[in-house]
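The values are calculated or read from the model by the stated rules, or taken from the named source; none is laboratory data. On a predicted model such as this, the values are computed, not experimentally measured, just so you know. Note that we place each Cβ from the backbone using ideal geometry, even for glycine, and neighbour counts take in every protein chain shown. Quick note on the areas: whole protein, heavy atoms, side chains included, nothing else; ligands and nucleic acids left out. Shrake-Rupley method; radii C 1.70, N 1.55, O 1.52, S 1.80 Å.
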Amino acid sequence: MFGNKRKKAENLVANGSRGVGTITDIQDTGMTVNDDPRVRLRFRVEPLDGSTDFDAEKTQTVSRVEIPQMGQRYPIFYDTGDPSSFAYATVDDEQGRASIVAMFGDAFGADGAGVGQAAAAAPVAATPPPAAATPDKLDTLRKLGELRDAGILTDAEFEAKKAEILGSP
């Protein structure tokens, strides 16, 4: 089963058309696989060749610490004869970013930094840290704030973890 999906994805990357997909909706299906949620992602795909935009949907198991968010953009490889047959790429390192830039030109920026980023990301407001916080604690708090702002952590979870990091009751 997984080998067949992998072959399909490899074929789409090698022979399919390319586009930029923006997540327009994400829904939890209520299922998990190894504690990771299974979600339904809806994309608005803008083909690089200038043809008509289209909507596409995929059900995917995603990491619970890296759940895609609405507005994020991903490289899409699709079958022009059946646009519902598509694959989206995620990038974890500089080599992957370089590959996306080579395949997609400047659709994600010259350095590929826009892959997986929100189309119109608002700046994250920083809360001044407590005076006793060390640089490591500040970095951890900043990352927690980003998770909260992305909707991955609730305000209560954020506050509890912040108190734990700062040693507060």
Tally of residues being under 19 Å from residue 63 (Cβ atoms), without any contact (Cβ under 8 Å) to a residue 12 or more places away in the chain and surrounded by 10 or more Cβ atoms within 10 Å (Cβ to Cβ) across the range 1-27: 2
Set 45, 65, 33: member being touching a residue at least 24 places away in the same chain (Cβ under 8 Å), open to solvent by 40 Å² or more (accessible area, probe 1.4 Å) and either farther than 24 Å from residue 153 by Cα or over 13 Å from the mean Cα position of the chain (by Cα) (or both): 33
Among residues of the range 123-169, those that are modelled with pLDDT under 75 and over 19 Å from residue 68 (Cα atoms), counted: 15
